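Laboratory data are not the source of any read-out in this text; all were calculated from the coordinates shown. Nothing here was measured: the structure is a model prediction, and the numbers come from that model. A quick note on method: Cβ atoms are made from the backbone with ideal geometry, for glycine too, and the neighbour counts reach across all protein chains shown.
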Amino acid sequence: TTAYLMRDELKQLWFYQHPGYARQAWDHWLQQAQGSGIAALAHFALKLKAYLHGILSRCRHRLNTSIVEGINNTIKVIKRRAYGYRDQEYFFLKIRSAFPGIPR
């Protein structure tokens, strides 16, 4: 049951809107995971720690995977059409022009 409770508490990290609160919740979760006595959970927590920056940036940039996949797909299409572009600067200019509402 400890693992299930820890899982549910970890899921809450993705719903914080302020990185400071998410960081506090992460620190609390990490301490609990390391003190749980479950070796696999402590190992998982250490592996997950490497991704903490990305998890916390989710608070500021609330993109879900469908939006990110759409952006990636558009870039792949531009890349396919980019055969013959002479430089990368022009390629990145084409990518930026495909997303006019996103600040540069």
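Observations on the structure shown:
- Extension reserve of the S57-T1 stretch, reckoned as 0.36 nm per residue once the Cα distance is removed: 17.2 nm
- Kirkwood's formula applied to the C-alpha pairs of the chain gives a hydrodynamic radius of 16.6 angstrom.
- Normalising the average separation of contacting C-alpha pairs (under 8 angstrom, six or more residues apart) by the number of residues puts the relative contact order of the chain at 23 percent.
- Fully extended contour minus Cα-Cα distance, from S97 to Y21, at 0.36 nm per residue: 23.8 nm
- Using θ = phi - 60° in the Karplus curve 6.51 cos²θ - 1.76 cosθ + 1.60, the 3J(HN,Hα) couplings for the stretch 46-51 round to 5, 5, 5, 4, 5, 9 Hz; x is entered for Gly and Pro.
- The stretch 1-20 versus the stretch 26-93: alpha-carbon centroid distance in Å: 18
- The Cβ shell under 10 Å around Y16 holds other residues with a net charge of +2, Lys and Arg each +1, Asp and Glu each -1.
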